[in-house]
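Undergrad: Provided herewith is a single structure, encoded as structure tokens, for subsequent inquiry.
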Amino acid sequence: MRVNWRKLGPVSLLLLVACSGLPLFGRSSAHKGNKNAVGADVQVPPRTVMEIQDIHYDGWTLSARLLVSPETGPLRLDRRLIPSIDVDVSRVSECEHGSVSSIHADVFAPLQRSENLLILNPGYWYGTTVHFGLFDEHFTGLGPECVEADISLRSFDRHVVAHQRIRAVRPSSMDGGTQADGGSPEEPAPSPDAGFSVPPN
């Protein structure tokens, strides 16, 4: 899946060609002024489990199924799980040789609102599929056959509650499959953007 940056519609993107070790501009402007959008009831986030499944990478775009469940208390999430805001990708590198040029996109989304707040309790999972355009024909060219990247999840209150480093391989470099290394396939996948209860032991 190739991303046509010229047809992204109303979402404004700031594209940065990034190399490992070079500083990137922060994301703070994306949610500036959001502290009072829903209220000041900010809580310490619980310990959270994040599973990353069905990783796909075609040399341009990285996509994966993300599942999350709190362990020690309720977890506040933005139910939209917007890529580059609620779910972020960073430290993209070539598997064997390290640093590689890639695209970092800052997405300027609407303010957080109470109708987007999801309170997820222990024993329940919430999931969605996320897509990240890492490489572009004009900025970076085709990405390497194998990449590694950090995936981070932020709570509704902007705390990083989980992160995981994944590896993804272009299908052409594998033996006839589209599966890539990374994530954990043990958990069943829910329907898109829906939580589900884990059956009791």
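Values quoted throughout were computed directly from the atomic coordinates according to the rules given, and no laboratory measurement underlies them. What you are looking at is a predicted structure, and each value in this text was computed from that prediction instead of being measured. For neighbour counting, all protein chains shown are included, and Cβ atoms are generated from backbone atoms with ideal geometry for every residue, glycine included.
Undergrad: Between S114 and T72, what's the calculated FRET efficiency when r is the beta-carbon distance and R0 is 25 Å? Round to 0.05. Don't jump to the answer; show the numbers that get you there.
TA: Values: r = 24 Å, r/R0 = 0.97.
Using R0 = 25 Å, I get an efficiency of 0.55.
Undergrad: Contour minus end-to-end for D150 and H97, with contour as 0.36 nm per residue of separation and end-to-end as the Cα-Cα distance? Walk me through the numbers before you get to the answer.
TA: Numbers: separation 53, 0.36 × 53 = 19.08 nm, distance 1.64 nm.
Computed gain between D150 and H97 is 17.4 nm.
Undergrad: Summing +1 for each Lys or Arg and -1 for each Asp or Glu, what net charge is found among the other residues whose Cβ lies under 12 Å from the Cβ of P45? Mind dumping the intermediate values first?
TA: On the way: positive: R47, R76, R154, R158; negative: E71, D157.
Net charge around P45: +2.
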